[in-house]
Each structure stands twice: as structure tokens, then as C-alpha cells.
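K.L.:
First, the structure itself, so that you have it in front of you.
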Amino acid sequence: MKLKKNILCIGAGYVGAPTMAMIACKCPDYKVTVVDINAARIDAWNSDRLPIYEPGLEEIIGKTRGKNLFFSRDIEEGIRQNDIIFVSVNTPTKTFGTGAGMAADLQYVEKTARQILEYSESSKIVIEKSTLPVKTAQAMERILSSGKGNITFEVLSNPEFMAEGTAISDLEHPDRVLIGSHETPEGLKARARLVDIYARWVAPEKILTTNLWSSELSKLVANAFLAQRVSSINSVSALCEKTDANISEVARAVGLDSRIGAKFLKAGVGFGGSCFKKDILNLVYLCQYYGLPEVADYWESVVKINEYQQDRFIANILGSMFSTLAGKKIGILGFAFKADTGDTRESPAIYITRKLLSEHAHVVISDPKALENAMIDLACEEGQISYVEDPYRAAAGCHALAIMTDWEIYRKLDYRRIYKSMVKPAFIFDGRNIVDHRKCFEIGFNVYPIGKPALCHF
Ligand code: NAD
Ligand code: UGA
């Protein structure tokens with residue numbers, strides 16, 4: 001088929017690459033190119049060993065790569081040849097200067113805008129795919145309109161709502177696609193071109209159009225609401241542990257109210273991932289900037305409860321293992337921030353491992369997909385750390401297991417076999433409430449779930 005239209009995406013990360021693969025798959029007449037400054041990442045996208053693990057991703061890349069999906073290092077050429085440009089670069093929390101630890105670090109977005117301006121030889125539609133503070137489009141426009149000549153740039157906001165681990169099905173069946181634009185004739189024209197792309201596979205009623213600022217802000221607010229639910233249920237889990245109530249029963253009873261809903265009510269060791277914390281802190285910073293300290297404090301408490309939940313988990317391990325972990329071997333089952341991904345960014349397992357090492361425990365890390373990232377995360381840590389992919393080998397000789405990721409395989413392990421290989425008394429700290437607690441207790445373990453009474457032999 002002749003490729004009639006061209007799309008570029010700058011940023012070949014967890015969002016850029018899967019999103020473009022889906023567009024390439026659904027729009028076979030478009031030539032979709034993904035570029036990145038990280039040459040090794042581009043090479044990996046062009047290899048048999050993709051740089052990220054995501055269920056269904058290999059299949060969709062297999063169908064499109066080399067046909068109408070291309071990964072390239074040539075950013076300059078990419079900008080020249082494409083009139084529709086998605087910007088999907090990273091927007092981490094700022095680590096320096098004003099707003100350090102809270103505001104979004106916009107240097108990568110700004111550099112991208114400057115690259116687009118420098119290499120453009122024709123007018124472009126520039127689409128914010130990255131998650132950005134409200135009003136960033138204004139800054140983008142100012143940079144893009146600082147050039148000479150009659151090239152024009154229309155900036156759209158099209159935040160991405162996919163979650164890792166379910167990215168492909170989220171992209172294929174999104175709850176909604178959000179497109180923000182200026183409500184000028186040029187803005188509406190650009191918006192219509194982007195709507196046309198999504199309309200190939202998304203029902204019209206799910207394609208939501210708003211003004212630019214609503215779109216930018218909605219993305220931060222959606223993440224804040226999701227994280228707030230996790231912190232809400234985690235805060236209640238602490239109360240359950242004091243009162244013999246059971247968090248799973250409470251979550252079910254509360255979630256069956258259709259006004260509340262059942263999703264995102266799983267208590268655990270706290271939320272991780274590259275976005276929840278950074279996006280809430282970004283929202284908090286915006287509220288402070290706009291003189292709304294009460295609103296800022298409200299949202300900041302979501303992050304504070306998340307930290308509290310992780311501290312509680314560690315205090316529980318230490319308290320129940322006779323207040324000393326020195327020289328004890330603790331197996332960490334799962335290092336990814338959630339199941340079905342190898343991503344460990346902001347994973348609670350990083351914090352918990354550091355705390356265990358500071359207590360002089362020997363930590364054995366196991367994960368089916370995240371060991372490479374775990375090694376990078378812990379490269380600077382002092383203490384005894386080993387990495388063992390096989391959970392049975394990891395558990396052998398351990399005094400305790402801490403389940404940090406809700407991988408399906410951990411539900412189904414032969415815990416009798418594991419118990420036999422461990423030092424007694426053996427402990428399980430189930431940070432995800434995924435194992436059969438009663439059965440493990442009967443096998444002989446001392447079992448510490450989240451938000452449920454501990455099952456202990458002494
Ligand atoms: P990522 O770090 O995996 O990918 C970003 C990529 O951009 C990197 O490969 C980096 O090398 C590249 N890059 C940075 N500056 C560049 C430049 N000037 N030119 C070319 N390439 C450049 O990040 P991600 O997880 O894909 O997230 C990207 C954005 O999407 C963030 O704003 C994030 O908040 C948002 N988001 C992420 C998710 C998610 O699940 N990870 C979901 C929705 C939205
Ligand atoms: C989240 C949002 O769900 C996406 O909509 C959004 O696009 C994305 O952030 C983003 O902007 O980056 P993600 O972080 O990939 O997606 O994964 P989630 O499924 O939201 O899980 C986040 C964390 O919350 C994980 O650590 C998970 O284990 C935890 N969680 C989630 C719970 O502890 N309990 C729950 O009930 C749900």
C-alpha cells in the first residue's frame with residue numbers, strides 16, 4: 001500500500017513506541033516514524049530484543065515494523081519530513097533549582113520544541129503526548145513562534161492514559177481519547193486531523209475534544225484521582241490491622257456502590273511507577289504557584305500516605321522478626337512497580353530494599369522481568385544483595401519473603417516446597433495480598449498480609 005501520510009513521534013519510551021505502534025497498526029496508510037536521542041534505545045527497538053516488556057507489544061511491533069513503523073536516530077530528518085509531530089519525551093520531577101522535588105522538569109520538552117523550530121521547513125502540528133503542567137502549550141507556542149519566516153505551528157494536547165502492563169489493550173480500547181486545542185479556525189482544523197487518526201479505531205463518542213488547558217490539566221487530575229484511591233484504601237488498611245476488619249472485605253463492600261466502583265481499591269505496599277508521584281507533586285506545585293495552599297496540601301497528603309504505607313510495611317517486618325534483621329536473609333518477590341512490566345521506576349521495592357539493607361539484612365531479589373532494572377537501581381547500594389530469577393532458588397535459605405509485585409506466578413508457587421527450604425520460623429509479608437494466607441499459615445509460615453489480621457504461630 002502507498003503510504004500517503006506521515007507522522008513523527010519524538011521520544012521512543014514506554015509511551016511513544018507502543019502508542020505509535022498502535023497508530024501504525026490501525027492506520028496502514030500512514031508512515032509512522034519514532035525518533036529518540038538515545039541511540040541504544042532506537043537500536044533496541046530495531047532488534048529482536050525490545051527495550052521494554054509489555055504484553056502484546058512484540059506482536060504489534062512484528063506486524064508493523066519495517067512496513068509502516070520505523071525507528072530512527074535521525075531526529076533532524078524526521079522533523080523535516082513530517083507535518084504531524086507527537087512529543088513523547090520524559091517529564092521527570094525537577095531535581096534542582098526552583099521547584100526542586102515538585103515541579104516538572106521541562107528541559108526535554110523545551111529542547112524538543114527548539115529542535116522542531118530549528119529543523120522545520122514547513123508548517124507543523126505539534127502534539128503534546130507527554131504529561132505536562134497546565135499552560136505548557138503556551139510556552140511551546142512561544143518557542144515555536146520565535147522563528148522567522150511564514151512557517152506556522154499549531155500545538156495540540158493529547159495526553160496518554162494507558163497503564164503499563166495493559167498498554168496494548170488500553171491503546172486499542174481506550175476509555176477515552178482526549179484532544180485539546182485552541183478554539184480558533186487553525187486550532188480546530190489541526191484538531192480535526194488528529195481526530196481523523198483516532199477515529200480509525202475509536203468510537204466518536206469516546207473522542208473528547210476540549211480547550212488546551214482543560215486537556216493538559218485533566219491528565220494530571222486523572223492520575224491524582226487514581227493515586228488518591230490507592231492512598232485512601234491503604235490508609236484504611238492501617239485501621240483494619242488495628243481493628244480485625246479485613247481490607248478485602250471492606251474494599252468489596254465499598255466498591256459495590258456504583259457511585260464508587262470496584263477498581264483501584266487494592267490495598268498494597270503503596271503505588272509506584274514513573275507517573276503518580278511526579279504528577280501529583282506537579283499538581284501540588286501548580287496549586288502552590290497559583291496561591292492555593294489548601295488545595296496543594298490536600299493532594300500532597302496522597303503522596304504522604306503512600307510513604308507512610310511503605311514505612312509501615314518495613315516497621316512490620318522489623319517488629320515481627322524480633323526487632324533485628326542483621327544477617328538475616330530476606331527474599332524480595334517482585335521488583336517491578338506492578339505486574340506485567342519490567343519497569344521499576346519508583347517501585348516500592350526500591351525503598352523497601354534500601355531499608356532492609358540499612359538494617360544489615362541480606363536481600364535476595366527475584367522478578368521475572370525486572371532484574372536488569374533492579375541491578376541498575378541498586379548499583380550504588382552497599383550491603384549484601386543477590387539477584388535470582390527463579391523464586392524457589394531465591395527463597396531457599398531465607399528467613400522471610402516479602403511479596404512486592406502482584407505477578408500472577410507468585411499466587412501459584414508451591415509454598416510448601418518453599419517453606420521446607422527456608423530458615424524457621426519462616427515469615428511471609430504479603431505486600432500485595434495475593435497468596436492464600438490461611439494455607440500458608442497451615443503450612444507453617446507466620447503470615448503478615450496488608451489490612452488483615454496477621455496469622456502467627458507465636
Ligand atoms: P521514557 O523515559 O520511557 O521515554 C522518553 C524518551 O524521550 C526517552 O527515550 C528519551 O531518550 C527521549 N527524549 C528525551 N528528550 C529527547 C529529545 N530532545 N529528542 C528525542 N528524544 C528525547 O518516558 P515514558 O514513560 O515514555 O513517558 C513519556 C511521557 O509520557 C511522560 O511525560 C510521562 O509522564 C507520560 N506518560 C507515561 C506513561 C507511562 O505509563 N509510562 C503513561 C502516560 C503518560
Ligand atoms: C497510571 C495510570 O493508571 C494510567 O492511566 C496513566 O496513563 C499512567 O499512570 C501514567 O500517566 O503514567 P501505571 O502507573 O502504568 O498507570 O500503572 P497503574 O495500574 O495505575 O498502577 C500504579 C501503581 O498503583 C502500581 O504500583 C500499582 O501496583 C498500584 N495500585 C494500583 C495499587 O496499589 N492498588 C490498586 O488498586 C491499583
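The numbers here are math on the coordinates, done by the rules we state, and not lab data. Just so we're clear, the structure is a prediction, and the values are computed from it rather than from any experiment. We place every Cβ from the backbone using ideal geometry, glycine too, and count neighbours over all the protein chains shown.
K.L.:
To the nearest 20 Debye, how big is the dipole of region 1-90 about its Cα centre, given +1 on the beta carbon of each Lys and Arg and -1 on that of each Asp and Glu?
P.N.:
For this selection, approximately 340 debye.
K.L.:
5 Å is the cut-off here: which amide hydrogens, built 1.01 Å from N in the peptide plane, fall below it relative to residue 93, excluding neighbours closer than 5 in sequence?
P.N.:
The answer is 105.
K.L.:
Another question about this same structure. By how many nm would the segment from residue 409 to residue 77 grow when fully extended, if each residue of separation counts as 0.36 nm and the alpha-carbon distance is taken off?
P.N.:
115.0 nm
K.L.:
Could you tell me the distance between the Cα centroids of region 297-353 and region 238-281, to the nearest Å?
P.N.:
16 Å
K.L.:
Could you give me the percent of Cα pairs per 5 Å distance bin for region 165-221, shortest bin first, beginning at zero and ending with the bin that holds the maximum distance?
P.N.:
Each 5 Å bin holds this share of Cα pairs: 4, 18, 26, 24, 20, 6, 2, 0.
K.L.:
Something else: Excluding residue 409 itself, calculate the net charge of residues whose Cβ lies under 12 Å from the Cβ of residue 409, where each Lys or Arg counts +1 and each Asp or Glu counts -1.
P.N.:
Counting the neighbours of residue 409, the net charge comes to -4.
K.L.:
Considering Cα pairs under 8 angstrom that are at least six residues apart, work out the relative contact order of the chain and quote it in whole percent.
P.N.:
11 percent
K.L.:
Would you mind getting me the FRET efficiency between residue 297 and residue 326? Use the beta-carbon distance for r and R0 = 60 Å, nearest 0.05.
P.N.:
0.95
K.L.:
Give the angle, between 0 and 90 degrees and rounded to the nearest 10, that separates the Cα long axis of helix 293-320 from the longest principal axis of the Cα atoms of the chain.
P.N.:
It is inclined by approximately 30 degrees.
K.L.:
In nm, to one decimal, how far is the residue 392 label point from the residue 423 one, both placed 7 Å along Cα→Cβ?
P.N.:
Each label point is offset 7 Å from its Cα along the Cβ direction, giving 2.3 nm.
K.L.:
Rounded to the nearest 5, what % of DSSP beta bridges with both residues in the chain are antiparallel?
P.N.:
Rounded to the nearest five, the antiparallel share is 5 percent.
K.L.:
Compute the whole-percent fraction of alpha carbon pairs in region 5-202 spaced more than 23 Å apart.
P.N.:
That fraction is 41 percent.
K.L.:
So if I take the alpha carbon set of region 377-435, get Rg, then get Rh from the Kirkwood formula, what is the Rg over Rh ratio?
P.N.:
0.97
K.L.:
Convert 37 °C to kelvin, take the viscosity as 0.692 mPa s, use the Kirkwood radius over C-alpha pairs of region 313-448 as Rh, and evaluate the Stokes-Einstein diffusion coefficient in µm²/s, rounded to a whole number.
P.N.:
227 µm²/s
K.L.:
Under a point spin-label approximation (7 Å from Cα along Cα-to-Cβ), what is the residue 442-residue 260 distance to one decimal in nm?
P.N.:
Here the answer is 3.1 nm between the modelled labels.
K.L.:
Turning to a different aspect of this structure: Can you give me the pair-distance distribution of region 329-381, C-alpha pairs, 10 Å bins, whole percents?
P.N.:
It works out to 27, 61, 12, 0, in whole percents.
K.L.:
Here's a follow-up. Against the longest principal axis of the chain, how steep is helix 276-289, in degrees 0 to 90 to the nearest 10, with axes from Cα atoms?
P.N.:
60 degrees
K.L.:
Dipole of region 279-387, Cα-centred, from +1 at each Lys and Arg C-beta and -1 at each Asp and Glu C-beta, to the nearest 20 debye?
P.N.:
440 debye
K.L.:
Given the DSSP H assignment, sum -39500 (n - 2.57) over each helix run of at least 4 residues in the chain and divide by its residue total; what's the result at 222 nm in deg cm²/dmol, nearest 500?
P.N.:
So the calculated ellipticity at 222 nm is -13000 deg cm²/dmol.
K.L.:
Distance cut-off 26 Å, Cα to Cα: go down the list 277/412; 242/412; 5/63; 242/278; 111/304; 242/329 and report the pairs above it.
P.N.:
277/412; 242/412; 242/278; 111/304; 242/329
K.L.:
Work through the residues other than residue 82 whose Cβ is under 12 Å from its Cβ and net out their charges, Lys, Arg +1 and Asp, Glu -1.
P.N.:
With Lys, Arg at +1 and Asp, Glu at -1, the neighbours total -1.
K.L.:
Counting other Cβ atoms within 10 Å, keep those with at most 12, restrict to DSSP loop, and tell me which trypsin sites (Lys or Arg not before Pro) in region 1-70 are left.
P.N.:
Passing sites in region 1-70 are 2, 4, 49.
K.L.:
Would you please classify the overall shape of region 89-193 from the alpha carbon gyration tensor, given that a ≥ b ≥ c denote the square roots of the eigenvalues, rounded means a/c under 1.5, and beyond that prolate means a/b larger than b/c while oblate covers the rest?
P.N.:
oblate
K.L.:
Same structure, new question: Starting from the Kirkwood Rh over alpha-carbon pairs, what translational D in µm² s⁻¹ does region 413-458 have by Stokes-Einstein at 25 °C and 0.890 mPa s?
P.N.:
Value of D from the Cα-based Kirkwood radius: 233 µm²/s.
K.L.:
Running Debye on region 25-86 with equal point scatterers at the Cα sites and no solvent, what base-10 log of I(q)/I(0) appears at q = 0.21 Å⁻¹?
P.N.:
Computed log10 I(q)/I(0) values: -0.91.
K.L.:
Now a separate question. Around residue 242, under 13 Å between beta carbons, what's the net of Lys plus Arg minus Asp minus Glu among the other residues?
P.N.:
Combined, the nearby Lys, Arg, Asp and Glu give 0.
K.L.:
What length, rounded to one decimal in nm, is gained on full extension from residue 100 through to residue 183, with 0.36 nm per residue of separation minus their alpha-carbon distance?
P.N.:
Result for the pair: 26.5 nm of gain on full extension.
K.L.:
Sticking with this structure for a sec: Taking Rh as the Kirkwood radius computed over C-alpha pairs, what is the Stokes-Einstein D of the chain at 25 °C in a medium of viscosity 0.890 mPa s, expressed in µm² per second?
P.N.:
So the translational diffusion coefficient is about 104 µm²/s.
K.L.:
Among DSSP beta bridges lying fully in region 313-448, give the percent that are antiparallel, nearest 5.
P.N.:
Here the share of antiparallel DSSP bridges comes out near 0 percent.
K.L.:
Same structure, new question: Placing +1 at every Lys and Arg Cβ and -1 at every Asp and Glu Cβ, with all other atoms neutral, what dipole size does region 101-194 have around its Cα centre, in debye to the nearest 20?
P.N.:
380 debye
K.L.:
Put +1 on the Cβ of every Lys and Arg and -1 on every Asp and Glu Cβ in the chain; which of 122, 423, 362 then has its Cα farthest towards the positive end of the dipole?
P.N.:
After comparing all options, I get 423.
K.L.:
Can I ask one more? Can you pull out the GluC sites (Glu not before Pro) in region 181-278 whose DSSP state is coil and whose Cβ has at most 13 other Cβ atoms within 10 Å?
P.N.:
183
K.L.:
Working from Cα positions, state the angle (0 to 90°, nearest 10) between the long axis of helix 16-26 and the longest principal axis of the chain.
P.N.:
Here the helix axis deviates by roughly 60 degrees.
K.L.:
Calculate the tail of P(r) for region 220-304: the fraction of all Cα-Cα distances greater than 22 Å, expressed in %.
P.N.:
Across region 220-304, Cα pairs with separations above 22 Å total 33 percent.
K.L.:
Now a separate question. Please identify every one of the trypsin sites (Lys or Arg not before Pro) in region 396-458 that sits in a loop by DSSP and has no more than 15 other beta carbons within 10 Å of its own beta carbon.
P.N.:
Answer by residue number: 412.
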